[in-house]
Every structure is written in structure tokens, then in C-alpha cells.
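Written out below as C-alpha cells is the structure these notes cover.
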Amino acid sequence: MKFNLINNHIVIPVSTSKGIKNAILDTGNPAFTIFKDDSISEISFCGIDFKLQSNSLVNMFKRFTNWDDISNLVKTEIQGIIGYDFFSNYNLLIDFKNLDISIVDKIEDSNLSIIKIDLFMNIPILKLKINDFELNAMFDTGAMHSVIHTKYSKHLKDKNETFQEHNPFLGHFIGKLYEGDIVINNVLIKNCLIACAPEYDFAMQMLSGFNIEGILGISTLKDKIIYISYKEQRLGIL
């Protein structure tokens with residue numbers, strides 16, 4: 001099915017009992033798929049009917065979610081967030097070239113460069129290089145740009161640009177943009193926008209078990225095809 005790429009966010013028109021609702025695809029969401037409308041209990045996405053969970057943890061996650069802030073950041077109305085409970089059940093193939101997303105049983109395309117991922121606190125973790133620094137990084141489709149810890153920023157090209165960022169737990173903050181090359185397995189992606197901010201450093205520090213110092217975000221992947229499987233703990237890139 002087709003998706004929209006809006007302000008470096010994957011926005012999916014999801015079918016619900018209340019009509020089509022825009023949801024963002026967020027691998028950085030370690031919890032549950034949620035929708036603003038509490039009466040929505042099931043969604044249809046890529047031909048799959050998926051029942052939403054309802055429990056105290058879901059309700060707590062909803063209380064932390066400011067839908068207006070998310071919509072303002074993405075620059076279109078967002079009414080849902082697709083999170084870990086969906087990714088843990090289905091393998092996704094995301095084609096950024098053609099703005100197409102599909103659910104697949106298993107990927108057999110030998111052209112994809114496959115890398116092992118770990119799941120820590122329900123967030124996918126992979127190894128990558130940013131300007132020859134090998135890092136553990138989160139794969140976060142909710143992140144507009146890739147991110148590196150501020151201690152590495154002096155090794156990147158300063159773009160002298162900033163942008164507005166928002167995190168449900170950290171609130172609003174300003175990110176600074178740099179430029180550098182990213183290598184994922186054997187795939188080189190040149191001249192990527194890479195963001196830095198103390199708030200990112202704090203967020204990565206929360207995942208202390210893996211020494212996270214980077215985030216793989218959406219602007220890096222705009223012309224790529226991505227396969228993500230939590231069940232197989234694999235990520236593919238072409």
C-alpha cells in the first residue's frame with residue numbers, strides 16, 4: 001500500500017471503524033499501537049486486520065501522548081502511532097523510492113544487504129558507521145534525521161542549520177544539523193543530514209545496556225528499500 005512521506009515521517013492512511021486515520025510508523029515506540037479515538041479497537045493495514053490492546057499500560061502511554069504536538073511536528077494531522085506490538089508480529093518491506101509499504105512472510109531478495117539487529121527494550125539496535133566511527137544505533141522510523149552523540153559533532157561538517165524537534169518524554173527542543181557519511185553493513189550513504197542535541201544524548205543514555213550513541217533516522221533512507229523483521233532480528237537495505 002502507498003504511504004506519504006511528510007516532514008521525514010512515514011504517514012500511513014489506516015482503515016478504522018471511524019474511517020481513514022493518519023498514523024505514523026514508529027519503530028522508536030517500544031510499547032503499543034495507539035489511536036487518539038479511544039473507540040477504535042481494530043485497524044486494517046496492508047491487508048491485515050490488527051486488534052488494538054487495551055490495558056493500564058496502554059492508557060498510561062496515551063496520557064503521555066500529545067496529539068497536537070505530534071501533528072505540528074509532522075505538519076499534518078496524526079491520529080495514530082503504530083508501535084512495537086505490530087512490528088513484533090509482521091515483517092515489513094518499506095520502499096522509500098516508490099512510497100510503498102507491504103507485509104511479507106520472508107524476504108528472498110539477494111540484492112538486499114542484511115544486518116543482524118538486537119531488540120533492547122523493544123527497540124531495534126544495529127551497528128553502523130558515521131564518518132568511520134562505529135556505533136550502536138537505534139533504528140527509529142519516528143526520527144526525522146539520523147543522530148550522533150554530540151561528542152562526535154566536531155568530526156562532522158557543520159551545516160549551520162537548526163530544526164524543531166519533539167519527544168513525548170523530553171518535550172520540545174532544538175536540534176543542530178551536520179553532514180556526514182553513514183555505512184550500514186556494506187552500504188555507503190553519502191552526505192547524510194545528521195542531528196545533534198544534548199536531549200538526544202540523554203534519550204540514548206536511557207538505553208544504557210547497549211551504549212547507544214546514534215540513531216538511524218528517515219532522511220538517511222529516502223531513496224532506499226528497507227526490510228525490517230523483529231521476528232528474525234534482521235534489517236535489510238538496498
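The values are calculated or read from the model by the stated rules, or taken from the named source; none is laboratory data. Note that this is a predicted model, so its numbers are computed, not measured. When we count neighbours, we look across all protein chains shown, and the Cβ atoms used for this are built from the backbone with ideal geometry, even at glycine. The protein model used for the area step is the full one, side chains on, heavy atoms only, and it has no ligands, DNA or RNA in it. Shrake-Rupley method; radii C 1.70, N 1.55, O 1.52, S 1.80 Å.
Summed over qualifying helices (DSSP H, 4 residues or more, each -39500 (n - 2.57)) and divided by its residue number, the chain shows a 222 nm mean residue ellipticity of -3000 deg cm²/dmol. Pairs to check: 75/231; 190/231; 21/222; 75/129; 106/222; 62/129. Give those whose C-alpha atoms are more than 26 Å from each other in this structure. As for pairs spanning more than 26 Å Cα to Cα, those are 75/231; 190/231; 75/129; 62/129.
Every pair of different Cα atoms in the stretch 1-96 enters the Kirkwood calculation, which places the hydrodynamic radius at 13.6 Å. For residue 117, nonlocal amide neighbours, meaning residues 5 or more places apart or on other chains whose placed amide H falls under 5 Å from its own, are 234, 235. Only the Cβ atoms of Lys and Arg (+1) and of Asp and Glu (-1) were treated as charged; on that basis the dipole of the stretch 125-238 about its Cα centre amounts to roughly 220 debye.
Only the Cβ atoms of Lys and Arg (+1) and of Asp and Glu (-1) were treated as charged; on that basis the dipole of the chain about its Cα centre amounts to roughly 120 debye.
For the pair the stretch 61-110 / the stretch 114-179, the C-alpha centres are spaced 18 Å from each other.
Give me the Kirkwood hydrodynamic radius of the chain in Å, from all C-alpha pairs, to one decimal place? Provide the component values of the computation, followed by the final result.
Working: mean 1/r = 0.0553 Å⁻¹.
Mean inverse Cα-Cα distance, inverted, gives 18.1 Å.
Between residue 232 and residue 15, the contour length at 0.36 nm per residue exceeds the Cα-Cα span by 75.4 nm. Residues whose amide H falls under 5 Å from that of residue 149, counting only those 5 or more places apart or on a different chain, are absent, with hydrogens built in the peptide plane.
Rg/Rh for the stretch 19-61 stands at 0.93; both radii use Cα atoms, and Rh follows the Kirkwood definition.
Across the stretch 171-180, rounded Karplus estimates of 3J(HN,Hα) from the backbone phi angles (6.51 cos²θ - 1.76 cosθ + 1.60, θ = phi - 60°) give x, 7, 7, 9, x, 9, 9, 10, 9, x Hz, Gly and Pro being marked x.
Each Cα pair of the stretch 104-238 feeds into the Kirkwood radius, which the Stokes-Einstein equation turns, at 10 °C and 1.306 mPa s, into a diffusion coefficient of 105 µm²/s. Using a probe radius of 1.4 angstrom, the carbon and sulfur fraction of the accessible surface of the chain is 48%. Across the stretch 114-162, Cα-Cα distances exceeding 14 Å account for 59% of all pairs.
The protection proxy used here, the mean number of other Cβ atoms lying within 10 Å of each residue, ranks peptides 142-152, 115-125, 158-168 as follows, highest first: 142-152, 115-125, 158-168.
For the chain, the solvent-accessible area with a 1.4 angstrom probe is 46 square angstrom per residue. In sequence order, the stretch 89-96 has phi-based couplings of 9, 9, 8, 10, 10, 10, 9, 6 Hz under the Karplus curve 6.51 cos²θ - 1.76 cosθ + 1.60, θ = phi - 60°, and Gly or Pro positions carry x.
Sorted on the mean count of surrounding Cβ atoms within 10 Å across their residues, most packed first, peptides 45-53, 207-215 read 207-215, 45-53. Could you work out the relative contact order of the chain, using alpha carbon pairs under 8 angstrom and six or more residues apart, expressed as a whole percent? Answer for the chain is 23 percent.
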